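See structure below.
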Amino acid sequence: MPKVKIDGVELEVPAGITVLQACELAGVEIPRFCYHDRLSIAGNCRMCLVEVKPGPPKPQASCALPVADKQEIFTQTPTVQKARKGVMEFLLINHPLDCPICDQGGECDLQDQAMAYGFDRSRYHENKRAVPDKELGPLVKTSMNRCIHCTRCIRFATEVAGVEQLGATGRGESMEVTTYVEQALSTELAGNLVDLCPVGALTSKPYAFEARPWELTKTESVDVLDALGSNIRIDTRGAQVMRVLPRLNDDVNEEWISDKTRHAIDGLRHQRLDRPYVRTKGKLVEATWDQAFAAIAAKLTGLDGSKIAAIVGDQCDAESMVALKDLMASLGSPNVDCRQDGAKLDGPRGSYIFNAGVRGIDQADAILLIGTNPRVESPVLNARIRKRYVHGKCPIGSIGTAEDLTYPVERLGAGPATLRELVDGKLGFFDKLKNAKHPLIVVGMGALAREDGAAVLAMAYELVGKLNAVRDDWNGFAVLHTAAARVGGLDLGLVPGEGGRDVAGILEGCQKKEIEAVFLLAADEIDTTKLGKAFVIYQGHHGDAGAHRADVILPGAAYTEKPGIYVNTEGRVQVGRRAGYPPGDAREDWAILRALSERLGKTLPYDTLHQVRARLVAVNKVFAAIDQQAPGAWGTFGKPGATTDAPLKSAVPNFYMTCPISRASKTMSDCMASRSHLMAAE
Amino acid sequence: MAMITADPKDVPQVASFSFTPEYMAKVEEQIAHYPPGRQASAVIAVLDLAQRQQGWLPRAAMNEVARLLEMAPIRVYEIATFYTMFQLRPKGKYLLQVCTTTPCWLRGSEAVMKACQHAADGETFSVQEVECLGGCVNAPVVQINDDFYEDLDEASMNKVLDALRRGETPKAGPQVDRQTSAPQGGLTTLKGE
């Protein structure tokens, strides 16, 4: 390992890193604009100049200079300070002085670094250049006069997002960052461009002129709009969620989040359930909590447990799920299901989590996607697979109808029959998987949430067996969920008990009048017309499908409004925190269930959040290890059987609208319109 | 400040572009210069061929080049807008690139420019002011399509333009009595024993 001396302090650093990274290890701050940890090195802003000995007698760009043994690096000499001042002055030649009206103000790298390293007055009297603004779609607002040509956005679009649509045209003073042809970017990760931009050239369109960073309260939490469980920071002002930003977590989302995670939050302001409702004479009428509970008690008291059922939604926190489970148990009902889409998952933990972990993708050397389109199901995870592809030597195959995934994919076929052939070793791709040290088999809900899902799962199980993909040092079986609550629900055992009914069974029972009361815990993705004449209790936060059909509505809290534990698709237990309070009379979900249980005379044995969480751990030990991915128990799973010819379609037909929150979001519908416009143009 | 590059929306674009068989053969030859998978290296040469066929570079041509070389269109736009030799607007049959850098200017490029601007009609002739063409010893210089016309003044420039207008191809090079950059009126040194 090379030994370097940074400002007189000797330090041993890993070989192959750059001078800038070495300085960071030494705790020395180097100003920079174009350099970014997760993008390729451009070396074009020249802000990171340092002096290096031995070396030429002029400052060097530290971001593009590899460290060498016995190198001496100086970051604070007069030459360096003068160089930084000079670079800063050049960068500001054409940068407008509009900080007071710029959305980046207060969190702007250029502003901060001009303060720290710049010259304290301007020597320019000439006019600044004017650059036409660009149209980059409904999420990214451009103000191209402010652009300093760091090219981070270009590199992000090309390297991470995998959409080569941004570039720099022209040269010298005429250089412009542009798509050249006016079009929105066709990526699900566009919002990250705004985070990357070190100046105010790319800012958030939905958030334009909404708030200043110093007015916002920041809460670290977890996303529930897809099953990845991206780590997020929720910025609120008063009761309102103003924006969502990514939080760094290399194990999960690195530092990216999807556009839905970031921009569906305006859905939290619309269509909210802010008070209880009871259906009287066919109409939903506003009610008090007491009246709502009374209506439920009137229906449920004396009703046999087998006639009561509960369906759990896709975004529920573990606390409310365990409360519902306990309540249903005390009512004597085995009819509980958390798999709204009917996914055939109820085996050991290893059969329903992404065992390899998101980090495992980096390690994989052959990937097979079965019935999944990760680009729409979890764009950030898809970017991770793309990253693996970019590193090379990783064949990626797909069985299903997945379209453009931003990386080339070997399309093996569409239906379960192809998987059968693959398992039998009849396809060339089998050998690629067999020869791989770390084969990764990703199974999506498109393969499992269907009639023959159990048979497809059995084939996948057979495949990992043949590939020896599950060993002590590697588990290459990975389920990519689409629902944030699903793994938590399965961990808590929210599946039909003995003699119980699953979702399909419940709906059938409703129509045959064998089920008389259904409790929907924020479950909106079922066909509510099939609920027949059953008495429907809906507890949730949005007036979506479930609430429209309900006989009693109990207003709950959305994920930003309650502390909650979520288990992501890897089986990682993460804690979401409360960023604000639910509107009106709405309450935290577990507390509603606790209150209801008392009214039904089946009081649940917990009064505080702490006690509920203790109960979680009692039900399943994995809940004790926060932020950890507890390994999944392995065993036989799936049910071998006949399959149909139907192609394995992705379970998410439309990325922008998958849940009550995103359906209520205007931004998401704008995105959808823009995307369909793009598709039409093609 | 003159915008060199940006694609102005007022440019009439052509609906489609494809290489003629003759040009396609040249394109394939250019691509063959590079190992397989590295065909993108031929982009400048192929763009030049497209420009020669069309007279300028419409967006359809850039898209076609991107398709042929398996590049993202934006990467081709970047290159085409970077080099001033790629013409992103329709040009006349003859593009008069008048050098106005110091040596040519000292030797009277203003008069040459005037003659050219007078002739420019957008169909037969288009004029472009360019920086040093590297022919300073024969200043002033005008590049007409691929040829240099040198040692010009207003009269000789007009003569060249008239000849072009008549469909003739005037002799390229110095328009005065000298061979390349040898002294005017014949050799002056190394004549004796």
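The values are calculated or read from the model by the stated rules, or taken from the named source; none is laboratory data. Keep in mind that what you see is a predicted model, and the values were worked out from it rather than measured. Cβ coordinates were reconstructed from backbone atoms using ideal geometry, including for glycine residues, and neighbour counts include every protein chain displayed. Only protein heavy atoms, including side chains, enter the accessible area calculation; ligands, DNA and RNA are left aside. Shrake-Rupley method; radii C 1.70, N 1.55, O 1.52, S 1.80 Å.
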Near pairs, Cβ below 6 angstrom, 6+ apart or cross-chain, from segment A:431-452 (of a type outside the set (S, T, N, Q)) to any residue that is assigned to a helix (DSSP H, G or I) and open to solvent by 30 Å² or more (accessible area, probe 1.4 Å)
A:His438/A:Gln363
Are there any strands (runs of 3 or more DSSP E) wholly within segment B:121-160 with 3 or more residues that are touching a strand residue (DSSP E or B) at 6+ places or on another chain (Cβ under 6 Å), and if so which?
B:125-130, B:142-144
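Would you mind listing the strands (runs of 3 or more DSSP E) fully within segment A:140-253 where at least 3 residues are closer than 27 Å to A:Gly580 by Cβ and touching a strand residue (DSSP E or B) at 6+ places or on another chain (Cβ under 7 Å)? Talk me through it step by step, then tell me what you get.
Values: elements: A:140-142, A:167-169, A:176-178, A:202-204, A:217-222, A:231-237, A:240-246.
Qualifying strands (runs of 3 or more DSSP E): A:217-222, A:231-237, A:240-246.
In the set B:Tyr83, B:Tyr23, which member is modelled with pLDDT of 95 or more and touching a helix residue (DSSP H, G or I) at 6+ places or on another chain (Cβ under 8 Å)? Quick ask: steps written out before the conclusion?
Details: B:Tyr83 fails: modelled with pLDDT of 95 or more.
One residue alone meets the criteria, B:Tyr23.
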Could you identify the single residue in A:Lys602, A:Lys639, A:Lys666 that is under 27 Å from A:Leu345 (Cβ atoms) and either touching a residue at least 24 places away in the same chain (Cβ under 8 Å) or of a type in the set (Lys, Arg) (or both)?
A:Lys639
Conditions (1) under 18 Å from the mean Cα position of the chain (by Cα); (2) crowded, with 21+ Cβ neighbours inside 10 Å; (3) within 14 Å of chain A (Cβ to nearest Cβ) -> B:Ala50 fails only (3)
Of the conditions (1) closer than 23 Å to A:Ala523 by Cβ; (2) assigned to a helix (DSSP H, G or I); (3) of a type in the set (S, T, N, Q), A:Thr658 satisfies every one except a single condition; which number is it?
(2)
Regarding A:Asp266, is this residue away from every other protein chain (no Cβ under 14 Å), in contact with a strand residue (DSSP E or B) (Cβ under 9 Å, 6 or more places away or on another chain) and more than 26 Å from A:Cys150 (Cα to Cα)?
yes
The one condition in (1) more than 26 Å from A:Asp250 (Cβ to Cβ); (2) surrounded by fewer than 24 Cβ atoms within 10 Å (Cβ to Cβ); (3) among the small types (Gly, Ala, Ser) that A:Gly313 fails to fulfil
(2)
For B:Arg67: the one exception among (1) open to solvent by 80 Å² or more (accessible area, probe 1.4 Å); (2) under 30 Å from B:Ala163 (Cβ atoms)
(2)
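Of a type outside the set (Asp, Glu), buried (at least 20 other Cβ atoms within 10 Å of the Cβ) and modelled with pLDDT of 95 or more: does that describe A:Leu369?
On the way: of a type outside the set (Asp, Glu): yes; buried (at least 20 other Cβ atoms within 10 Å of the Cβ): yes; modelled with pLDDT of 95 or more: yes.
Against the criterion (of a type outside the set (Asp, Glu), buried (at least 20 other Cβ atoms within 10 Å of the Cβ) and modelled with pLDDT of 95 or more), A:Leu369 qualifies.
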Just for segment A:3-42: of the residues that are open to solvent by less than 10 Å² (accessible area, probe 1.4 Å) and touching a Pro at 6+ places or on another chain (Cβ under 9 Å), which one is farthest from A:Arg155 (Cα to Cα)?
A:Val13
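For residues in segment B:70-104 being among the small types (Gly, Ala, Ser) and surrounded by fewer than 20 Cβ atoms within 10 Å (Cβ to Cβ), which is nearest to the other protein chains (Cβ to nearest Cβ)?
Residues of segment B:70-104 that are among the small types (Gly, Ala, Ser), as a first pass: B:72, B:80, B:92.
Subset that is surrounded by fewer than 20 Cβ atoms within 10 Å (Cβ to Cβ): B:72, B:92.
On the way: B:Ala72: 3, B:Gly92: 23 Å.
Of everything passing the filter in segment B:70-104, B:Ala72 is nearest to the other protein chains (Cβ to nearest Cβ).
Applying the selection to segment A:157-174, what residues are at positive phi and facing chain B (nearest Cβ under 9 Å)?
Let us first name the residues in segment A:157-174 that are at positive phi, namely A:162, A:170, A:172.
Across segment A:157-174, the qualifying residues are A:Gly170, A:Gly172.
So for segment B:27-37 (the condition being modelled with pLDDT of 95 or more, in contact with a Ser or Thr (Cβ under 8 Å, 6 or more places away or on another chain) and either closer than 30 Å to B:Glu129 by Cα or within 14 Å of chain A (Cβ to nearest Cβ) (or both)), does at least one residue qualify?
Residues of segment B:27-37 modelled with pLDDT of 95 or more: B:27-35.
Subsequent filtering for residues that are in contact with a Ser or Thr (Cβ under 8 Å, 6 or more places away or on another chain) retains B:33-34.
Within this subset, residues satisfying the condition of being either closer than 30 Å to B:Glu129 by Cα or within 14 Å of chain A (Cβ to nearest Cβ) (or both) are none.
Checked segment B:27-37: no residue is modelled with pLDDT of 95 or more, in contact with a Ser or Thr (Cβ under 8 Å, 6 or more places away or on another chain) and either closer than 30 Å to B:Glu129 by Cα or within 14 Å of chain A (Cβ to nearest Cβ) (or both).
When segment A:392-426 is examined, which residues are found to be in a strand (DSSP E or B) and either in contact (Cβ under 8 Å) with a residue 60 or more places away in the chain or polar (S, T, N, Q) (or both)?
Applying the first criterion (in a strand (DSSP E or B)) to segment A:392-426 yields A:396-399, A:410-413.
Within segment A:392-426, A:Ser398, A:Ile399 meet the criteria.
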A:Asp585 closer than 23 Å to A:Ile234 by Cβ, open to solvent by 40 Å² or more (accessible area, probe 1.4 Å) and touching a strand residue (DSSP E or B) at 6+ places or on another chain (Cβ under 7 Å)
yes
Would you confirm whether or not segment A:221-230 contains a residue that is open to solvent by 50 Å² or more (accessible area, probe 1.4 Å) and within 30 Å of A:Ile101 (Cα to Cα)?
no
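Name the residues in segment A:596-620 that are open to solvent by 40 Å² or more (accessible area, probe 1.4 Å), assigned to a helix (DSSP H, G or I) and either of a type outside the set (S, T, N, Q) or closer than 18 Å to A:Ala558 by Cα (or both), would you? First the steps, then the outcome.
To start, the set of residues in segment A:596-620 that are open to solvent by 40 Å² or more (accessible area, probe 1.4 Å) comprises A:598-599, A:601-603, A:605, A:607-611, A:613-615, A:617-619.
With assigned to a helix (DSSP H, G or I) added as a condition, the list becomes A:598-599, A:609-611, A:613-615, A:617-619.
A:Glu598, A:Arg599, A:Leu609, A:His610, A:Arg613, A:Ala614, A:Arg615, A:Val617, A:Ala618, A:Val619, listed by residue number.
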For A:Glu182, which of the numbered conditions (1) acidic (Asp, Glu); (2) within 23 Å of the chain's Cα centre (by Cα); (3) within 12 Å of another protein chain (Cβ to nearest Cβ) fails to hold?
(2)
Return the total of residues in segment A:465-510 being touching a residue at least 24 places away in the same chain (Cβ under 8 Å) and over 23 Å from the mean Cα position of the chain (by Cα).
22
Consider A:Lys141 carefully, then state whether it is more than 19 Å from B:Met71 (Cα to Cα), touching a residue at least 12 places away in the same chain (Cβ under 8 Å), of a type in the set (Lys, Arg) and away from chain B (no Cβ under 13 Å).
yes
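For (1) closer than 14 Å to A:Leu492 by Cα; (2) among the small types (Gly, Ala, Ser); (3) modelled with pLDDT of 95 or more, each residue gets a yes or a no:
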| residue | (1), (2), (3) |
| --- | --- |
| A:Glu255 | no, no, no |
| A:Gln271 | no, no, no |
| A:Tyr277 | no, no, yes |
| A:Ala287 | no, yes, yes |
| A:Ala318 | yes, yes, yes |
| A:Ala323 | yes, yes, yes |
| A:Leu327 | yes, no, yes |
| A:Gly347 | yes, yes, no |
| A:Ile361 | no, no, yes |
When segment A:48-102 is examined, which residues are found to be assigned to a helix (DSSP H, G or I), farther than 28 Å from A:Pro14 by Cβ and within 36 Å of the chain's Cα centre (by Cα)?
A:Leu91, A:Cys99, A:Pro100, A:Ile101
Go through segment A:103-138 and count every residue that is more than 14 Å from every other protein chain (Cβ to nearest Cβ), in a loop (DSSP other than H, G, I, E, B), closer than 30 Å to A:Lys260 by Cα and not small (Gly, Ala, Ser).
5
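Please go through segment A:535-547 and give me each residue that is part of a loop (DSSP other than H, G, I, E, B) and modelled with pLDDT of 95 or more, ordered by number.
Once the filter is applied, which keeps residues that are part of a loop (DSSP other than H, G, I, E, B) and modelled with pLDDT of 95 or more, segment A:535-547 yields only A:His541.
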Got at least one residue in segment A:511-523 being over 26 Å from A:Glu220 (Cβ atoms), open to solvent by 10 Å² or more (accessible area, probe 1.4 Å) and in a helix (DSSP H, G or I)?
yes
